[in-house]
Amino acid sequence: MVPQFRGSPARIPQCYAAGVCGRYSLTLQGRTVVQDELAEVRIQLRSLQPRFNIAPGQTAPVFRIEEGSLKVATLRWGLVPSWAKDEKFAFQCINARAETVATKPAFRSAFRRRRCLVPADGFYEWEVAAEGKRPWRFTRPDGAVFEFAGLWEAWRDPAGDGAPIETFTVLTTTPNSLAARVHDRMPVILSGPGAHTWLDPDASPDALLSLLKPAPDPLLTVSRVSTYVNNSRHEGPSCIEPESG
């Protein structure tokens, strides 16, 4: 079973309705090893269980710098700032908007000091139609793994003395022309020099902000998938099956 945040799961669909990018996959069915600076940590993903429907409140891998080296860490999706009173704050911080990430209190400290990359091989967006919400899955044409720009935080329950809880958020920006057909936001996707800069602890705020733009249209392709994925509790290959009919 995938760990969940404590609190009301009914809060999550409300976040989706507000227009956030709230579900993605890391199925590892496509090519994961690309010859760039992320190749070594991408190889480590092969030891993980495939995930077809990663949702807020669940744990997922991220790439971050630890003691000067790029490492894989498992964090929980939904950022909880260090000053938050409780974990429920996470439901407000599934995503961070590129336009305000440097100044919004929930994110500005992590933006300066705790940046990460979130590996994925697809993300979902929903089109509102007369018959209900129709899911679309965005992937690379070759099925390869890519990375979202992310931030992470460590939060300790002020009412207890347990270990800190580490959480992350995914940055979003305006959509490219492909994503705009379905949604008014999309995750920030980084690669090559951009990914390296995002993880660089010495990168300037201006250099970081310049990365937070829509992915080029040719980077992604999109397809309709089964409404089975609409339920955040569903997992497995059925989530990415083509929509029938």
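Do we have residue 183 as at pLDDT below 95, part of a loop (DSSP other than H, G, I, E, B) and in contact with a Phe, Trp or Tyr (Cβ under 8 Å, 6 or more places away or on another chain) here? Against the criterion (at pLDDT below 95, part of a loop (DSSP other than H, G, I, E, B) and in contact with a Phe, Trp or Tyr (Cβ under 8 Å, 6 or more places away or on another chain)), residue 183 qualifies. Taken over the stretch 217-245, the criterion of being exposed (fewer than 13 other Cβ atoms within 10 Å of the Cβ) and either in contact with a Phe, Trp or Tyr (Cβ under 6 Å, 6 or more places away or on another chain) or in a helix (DSSP H, G or I) (or both) is satisfied by 217, 218, 237.
Listed here are the residues, each with its yes/no results for (1) closer than 22 Å to residue 54 by Cα; (2) in contact with a helix residue (DSSP H, G or I) (Cβ under 9 Å, 6 or more places away or on another chain); (3) not aliphatic (A, V, I, L, M).
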residue: 102; (1), (2), (3): no, yes, no
residue: 112; (1), (2), (3): no, yes, yes
residue: 119; (1), (2), (3): yes, yes, yes
residue: 131; (1), (2), (3): no, no, yes
residue: 137; (1), (2), (3): yes, yes, yes
residue: 140; (1), (2), (3): yes, yes, yes
residue: 152; (1), (2), (3): yes, yes, yes
residue: 172; (1), (2), (3): yes, no, yes
residue: 181; (1), (2), (3): no, no, yes
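Can you give me the ranges of the strands (runs of 3 or more DSSP E) entirely in the stretch 9-80 with at least 3 residues that are modelled with pLDDT under 90?
none
If the condition is being open to solvent by less than 10 Å² (accessible area, probe 1.4 Å) and under 15 Å from residue 211 (Cα atoms), then the stretch 99-115 contributes 101, 111. Taking each residue of the stretch 182-211 that is over 22 Å from residue 70 (Cβ atoms) and looking for partners that are of a type in the set (Val, Ile, Thr) and open to solvent by less than 20 Å² (accessible area, probe 1.4 Å) with beta-carbon atoms closer than 6 Å, six or more apart or interchain, yields 185/172.
Which residue out of 145, 118, 170 is modelled with pLDDT of 95 or more, surrounded by 13 or more Cβ atoms within 10 Å (Cβ to Cβ), aliphatic (A, V, I, L, M) and in contact with an Asp or Glu (Cβ under 9 Å, 6 or more places away or on another chain)?
118
So, residue 129, is that one touching a residue at least 12 places away in the same chain (Cβ under 8 Å) and either within 15 Å of the chain's Cα centre (by Cα) or open to solvent by less than 70 Å² (accessible area, probe 1.4 Å) (or both) or not? It is false that residue 129 is touching a residue at least 12 places away in the same chain (Cβ under 8 Å) and either within 15 Å of the chain's Cα centre (by Cα) or open to solvent by less than 70 Å² (accessible area, probe 1.4 Å) (or both).
The one condition from (1) surrounded by fewer than 20 Cβ atoms within 10 Å (Cβ to Cβ); (2) in a helix (DSSP H, G or I) that residue 154 does not meet is (2).
The values are calculated or read from the model by the stated rules, or taken from the named source; none is laboratory data. Note that the structure is a prediction, hence the values are computed from the model and not measured. Reconstructed Cβ throughout: ideal geometry from the backbone, glycine too, with neighbour counts over all protein chains shown. The protein model used for the area step is the full one, side chains on, heavy atoms only, and it has no ligands, DNA or RNA in it. Shrake-Rupley method; radii C 1.70, N 1.55, O 1.52, S 1.80 Å.
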